[in-house]
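Accompanying notes for the structure given below.
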Amino acid sequence: MTAIGYIPHDERLHMARAYLDSNYASAITIQYVSREAALSPYYFIRLFCRVYKQTPYQYLIQRRIDRAKELLRSSNLSITEICLEVGFESLGSFSTLFRKTTGLSPSEYRKNSTKPLQPSHIPLCVCLMHGINPDP
């Protein structure tokens, strides 16, 4: 039998991860998130790592980088504006972490992601299977 108000650890971790997802652009401390999960900071980090295979900090950075990639592909915001929009305080640390994660600088990523798509080649076997003339 569970006590009234008892929340299982996995539910607490899910709530903490949802909090990180919703507030990734804010200044977040491990003390605050672990307090929200009603766990000690060190136990929270260990448990988060065991379940999600990364620290809460690594998860937060990945969430911020993912959002920055979306903004680089879909907006005209400057890289500095995107850096601040996703919760980084320093353009230098943002650029370093972005490159470490994606292999490209933010500007290279933007340039590569906005290239026009080349017409795709349809293999001959697919054309024949669907009755498409391969030589238009």
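The values are calculated or read from the model by the stated rules, or taken from the named source; none is laboratory data. Keep in mind that this is a model prediction, so the values were computed, not measured. Because the Cβ atoms are built from the backbone with ideal geometry, glycine has one as well, and the counts that use them run over all protein chains shown. Protein only, heavy atoms only, side chains kept; ligands, DNA and RNA dropped before computing areas. Shrake-Rupley method; radii C 1.70, N 1.55, O 1.52, S 1.80 Å.
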(request) Enter the angle in degrees (range 0 to 90, nearest 10) between the Cα long axis of helix 41-52 and the first principal axis of the Cα atoms of the chain, meaning the one along which they spread out most. (result) 30
(message) Could you give the length gained by full extension between ILE122 and ASN76, i.e. 0.36 nm per residue of separation minus their alpha carbon distance, to one decimal place?
(response) 13.2 nm
(request) Could you give the size of the charge dipole of segment 1-74 about its Cα centre, using +1 on the Cβ of each K and R and -1 on the Cβ of each D and E, expressed in debye and rounded to the nearest 20? (result) 260
(request) About the Cα centre of the chain, how large is the charge dipole given +1 on each Lys and Arg Cβ and -1 on each Asp and Glu Cβ? Please answer in debye to the nearest 20. (result) 340
(request) Go ahead and estimate [θ] at 222 nm for the chain from helices alone: -39,500 (n - 2.57) per DSSP H run with n ≥ 4, summed, over the residue count, rounded to 500. (result) -18500 deg cm²/dmol
(request) First check a/c for the chain, with a ≥ b ≥ c the square roots of the eigenvalues of its C-alpha gyration tensor; if it is under 1.5, answer rounded, and if not, answer prolate when a/b is larger than b/c or oblate otherwise. (result) oblate
(request) With an 8 Å cut-off on Cα pairs and a minimum separation of 6 or more residues, tell me the relative contact order of segment 18-87 in percent. (result) 36
(request) Take every Cα pair under 8 Å in the chain that's 6+ residues apart, average their separations, divide by the length, and report that relative contact order as a whole percent. (result) 17
(message) Need one number: convex hull volume per residue for segment 8-72, Cα atoms only, in Å³.
(response) 73
(request) Give me the angle, in degrees from 0 to 90, between the Cα long axis of helix 56-74 and the longest principal axis of the Cα atoms of the chain, rounded to the nearest 10. (result) 30
(message) Pick from ILE79, ILE122, ILE28 the residue whose mean-square fluctuation is largest in a GNM of the chain, springs joining Cα atoms under 10 Å.
(response) ILE122
(message) Can you give me the % of accessible surface on the chain that is carbon or sulfur? Probe 1.4 Å, all protein chains present, nothing else counted.
(response) 57
(request) Hey, can you find the accessible area per residue of the chain for me, probe 1.4 Å, expressed in square angstrom? (result) 69
